[in-house]
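A short worksheet on the structure shown next.
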Ligand code: SAH
Ligand code: SF4
Ligand code: F3S
């Protein structure tokens, strides 16, 4: 049955159309998934609203990367109880990474009865069916779908949040299993979109007048490994920069273990590609990098940074750092401070380690206290601030 088409037929009879409120948490990949879903919902005949109190359909697209992200979502969906009491007809759905975890489905099913249905990161194509069931059978109590389907890209929608800046996923999933990270568990194995589809999307967005296009993936440097024949990321980047139009290209995120010189050369040689690279370091200690399963050393990391700075004049490099990974000592932390001073990052995104159930690091002994972690965080931020101030003075 064509559920999306059937819903559209029902909705065209309604005036004004029912409204949808959709909010995404988490990384840009997740926000992009949320926009793609919103595009499909608008195509079904809903109108978008910012007013959650009057919406006919409320969707939260969630993130599981840190405990704080999950707590925030649970707080918000807890509050939706009052909205449901005032308007029993409202349909409430929760999707994305957090609900891909069976224990979260159990929790929502048992304790958040205002939620009508949940669907995981593989089940976007099942959304019309779940919505149709909820719309047509008000006696239904809680549906969910967290099956790991294989056909995720069958129905991608290019809907964007902004009129100038656009984002296109080039791949899904992650194969790296960094020991602290939940992403490979909630997004499955890496799969890449065909290069022709991505270039066609870039062309469509460029023709619409988008000025900035960002290519998204958890590890864009391993783009194309699953394609037959494989396509290196540098090739995609080069072809993307050759698409006609007045736009600049960005990409996020790079994994240092797969960041090769050919990618840096393409950035250096293409005026269309933004001279900024986000290259998550996580830690400056080789011992911790190994425990994190990152497959590079601080020396290898600095080699990439140096090559990028030499090859691309004015190149800005930003990074992610985790403080307080299990077993991180003062010495390990000092190693991170050292490399932060040496690399002179344009921006640091800093996170205190959050234990994620099901990951390898969750089983490692963690003796560092919260206070020690907070002190390290404050020191790291202050070191980075001094670097930024010095660079600003140099520019003046
Ligand atoms: N795939 C991307 C990162 C996705 S998560 C990449 O590898 O760059 C974004 C950032 O969140 C990571 O780079 C890491 O710094 C941080 N992060 C992931 N899991 C975390 C955890 N359990 N605790 C604290 N920070 C975490
Ligand atoms: Fe997580 Fe590592 Fe994959 Fe990034 S590369 S999503 S940090 S497992
Ligand atoms: Fe969060 Fe999922 Fe992204 S866990 S960081 S929204 S891939």
Residue hits (region 53-107; more than 24 Å from the chain's Cα centre (by Cα) and either surrounded by 15 or more Cβ atoms within 10 Å (Cβ to Cβ) or within 16 Å of ligand 2 (Cβ to nearest atom) (or both)) are 55, 56, 80, 83, 84, 90, 91
Filtering region 306-325 down to residues that are surrounded by 20 or more Cβ atoms within 10 Å (Cβ to Cβ) and without any contact (Cβ under 8 Å) to a residue 60 or more places away in the chain yields 308, 317, 319, 321, 323, 324
Go through (1) touching a helix residue (DSSP H, G or I) at 6+ places or on another chain (Cβ under 8 Å); (2) in a loop (DSSP other than H, G, I, E, B); (3) away from ligand 3 (no atom under 16 Å from the Cβ) and name the single condition residue 179 misses.
(3)
May I ask you to list the residues in region 164-196 that are without any contact (Cβ under 8 Å) to a residue 24 or more places away in the chain and away from ligand 1 (no atom under 16 Å from the Cβ)?
196
Can you name the residue in region 143-163 that is surrounded by 15 or more Cβ atoms within 10 Å (Cβ to Cβ) and farther than 15 Å from residue 38 by Cα and is also nearest to ligand 1 (Cβ to nearest atom) among such residues?
152
Of all residues in region 347-367, how many are away from ligand 1 (no atom under 13 Å from the Cβ) and surrounded by 16 or more Cβ atoms within 10 Å (Cβ to Cβ)?
0
Say we look at region 12-39 and pick out the residues that are farther than 21 Å from residue 135 by Cα and touching a strand residue (DSSP E or B) at 6+ places or on another chain (Cβ under 6 Å); which of these is nearest to ligand 3 (Cβ to nearest atom)?
30
Residue 28 fails exactly one of the following numbered conditions: (1) surrounded by 17 or more Cβ atoms within 10 Å (Cβ to Cβ); (2) under 30 Å from residue 358 (Cα atoms). What is the number of that condition?
(1)
Yes/no for residue 75 being more than 16 Å from ligand 1 (Cβ to nearest atom), touching a residue at least 60 places away in the same chain (Cβ under 8 Å), in the same structural domain as residue 141 (by TED's automatic domain parsing) and out of contact with any helix residue (DSSP H, G or I) (no Cβ under 7 Å at 6 or more places or on another chain)
no
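The values are calculated or read from the model by the stated rules, or taken from the named source; none is laboratory data. Being a predicted model, the structure only gives us computed values, none of them experimental. So basically every Cβ, Gly included, is an ideal-geometry build from the backbone, and we count neighbours across all protein chains shown.
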